[in-house]
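**Q** Before we start, here is the structure in question, set down as structure tokens.
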Amino acid sequence: MKEIRLAARPVGWPTAETFEIAETPVPEPGPGQVLIRNVYMSVDPYMRGRMNDVKSYMPPFAVGEPLDGGAIGEVVTSHAENVPVGSYVVHSLGWREYSVADAARVRVVDPAAAPTLSAYLGLLGMTGLTAYVGLLDIAQFKEGDTVFVSGAAGAVGSVVGQIARLRGAKRVIGSAGSAEKTRHLIDDLGFDAAFNYKDAPVRDQLRAAAPDGVDVYFDNVGGDHLEAAISTLNKFGRIAMCGAIAQYNDVAPPAAPRNLASAIGKEINLRGFLVGNHSHRMPDFVAEVGGWLRSGRITARETIVDGLENAPEAFLGLLRGDNTGKMVVKLG
Ligand code: NDP
């Protein structure tokens with residue numbers, strides 16, 4: 001079988017040379033374990049952080065070893081009664097054709113309950129839960145709020161905006177990196193306003209899009225987006241600090257935000273979070289977002305790249321903004 005390994009630690013932007021595709025025997029599951037034939041793999045920005053040799057909330061990837069990542073696949077051998085052969089499971093040992101996992105560490109899902117299996121990596125999976133928890137629990141969204149989300153056409157951002165709309169936001173504003181993406185936000189996802197952050201300073205565009213200010217900022221980007229949001233937020237505004245993709249490939253500390261101290265006078269609440277510590281919200285999330293999905297009130301685009309060997313290019317594309325919605329790799 002094939003797997004993707006970290007060939008070298010990138011400094012700045014990763015390249016094709018960051019990755020290596022290797023042949024290796026299909027692993028044997030031990031007691032309590034299952035062998036999974038992966039069908040879709042998740043491509044996620046946080047993987048960039050794990051390529052650096054720094055202490056963080058997850059251990060770094062090792063050079064010469066396979067990358068881990070979210071994946072969904074079919075159980076083909078089982079040594080665990082509660083996860084029989086033929087089950088479909090979500091797990092975190094992807095970036096390879098077959099994975100062995102402890103049955104206790106996989107999530108069994110119902111393929112019939114989703115439009116496609118890949119939805120369990122996006123809208124009904126980790127990125128959907130991130131949007132749900134970040135908006136409702138961390139930013140304490142309430143009906144009538146004006147919400148601004150950056151990275152709005154991506155996997156997390158596109159769900160944030162739609163949940164805000166469905167939960168009664170006064171106004172939902174998104175930023176993204178192309179005219180096609182901003183059109184998608186307004187025409188397909190029901191955002192009230194959207195701008196291309198590459199067209200003009202974020203602060204100017206956000207002020208124009210939010211004449212009455214912003215109550216909640218869902219930050220996927222950091223840097224000048226965060227600075228613009230702090231300056232546009234209303235008194236007692238809330239910020240869910242979800243990601244800072246603008247700086248993941250930086251080799252020097254970011255120049256912005258320069259106005260953090262104004263959060264004091266505005267009594268802004270900035271709160272970071274990791275979705276992995278909020279899995280207790282999974283049942284509420286699946287009930288509410290699954291309901292919207294069944295009734296056609298929420299939608300999620302995916303960008304699907306074919307073939308394990310194209311996963312490195314999918315990852316580089318994610319960092320460049322090639323994706324609309326969730327980026328996934330489909331295995332043969
Ligand atoms: P996306 O689907 O949003 O893909 C990443 C997007 O980032 C690209 O499509 C690109 O879109 C945008 N981007 C890249 N560079 C920049 C830049 N310099 N400035 C602005 N936008 C940029 O990824 P996800 O939805 O999976 O993740 C979104 C964010 O959420 C990331 O920061 C990620 O790390 C974070 N995250 C955090 C979690 C947590 O537990 N805290 C869990 C999951 C994700 P564009 O064309 O618009 O530039």
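**Q** Using alpha carbon centroids, what distance separates region 63-105 and region 179-248, in Å?
**A** Cα centres, region 63-105 to region 179-248: 37 Å.
**Q** Among 228-234, 307-313, how do they line up by average Cβ neighbours within 10 Å per residue, starting with the highest?
**A** 228-234, 307-313
**Q** So what is the relative contact order of the chain, in percent, for Cα pairs below 8 Å that sit 6 or more residues apart?
**A** 17
**Q** On to the next question. With a/c under 1.5 counting as rounded, go ahead and sort region 182-253 into rounded, prolate or oblate using the C-alpha gyration tensor (a ≥ b ≥ c being the square roots of the eigenvalues; past the cut-off, prolate if a/b is larger than b/c, else oblate).
**A** Verdict is oblate for region 182-253.
**Q** Here's a follow-up. Quick check: from the Cα gyration tensor, does the chain come out rounded (a/c under 1.5), prolate or oblate?
**A** Prolate, because a/c is 1.5 or more and a/b exceeds b/c.
**Q** Using only Cα atoms, find the angle between the long axis of helix 282-294 and the longest principal axis of the chain, and express it within 0 to 90 degrees, rounded to the nearest 10.
**A** So the helix axis and the longest Cα principal axis differ by about 80 degrees.
**Q** Could you tell me how many degrees, from 0 to 90 and to the nearest 10, lie between the Cα long axis of helix 155-166 and the main elongation axis, the longest principal axis, of the Cα atoms of the chain?
**A** 50
**Q** Where in region 13-81 are there GluC sites (Glu not before Pro) that are in a DSSP coil and have at most 11 other Cβ atoms within 10 angstrom of their Cβ?
**A** E81
**Q** Could you check the simple spin-label distance between I186 and K266, using points 7 Å along Cα→Cβ, in nm with one decimal?
**A** Using points 7 Å along Cα→Cβ, the separation is 2.4 nm.
**Q** Let a ≥ b ≥ c be the square roots of the eigenvalues of the Cα gyration tensor of region 46-173; is it rounded (a/c under 1.5), or, if not, prolate (a/b larger than b/c) or oblate?
**A** oblate
**Q** OK, next. Between their Cα atoms, which of K142/K235; K142/K170; K198/K266; K2/K330; K142/K198; K198/K235 are more than 20 Å away from each other?
**A** Listed pairs above 20 Å: K198/K266; K142/K198; K198/K235.
**Q** Roughly speaking, what is the stretch gain from I304 to A252, that is 0.36 nm per residue apart minus the C-alpha to C-alpha distance, in nm to one decimal?
**A** Gain on stretching I304 to A252: 15.5 nm.
**Q** Taking the solvent-accessible surface of protein heavy atoms with a 1.4 Å probe, what is the per residue accessible area of the chain in Å²?
**A** 43
The values are calculated or read from the model by the stated rules, or taken from the named source; none is laboratory data. These figures come from a predicted structure and were not determined experimentally. Every residue, glycine among them, receives a Cβ derived from its backbone with ideal geometry; neighbour counts consider all protein chains shown. Areas reflect the complete protein model, heavy atoms only, side chains present, ligands, DNA and RNA absent. Shrake-Rupley method; radii C 1.70, N 1.55, O 1.52, S 1.80 Å.
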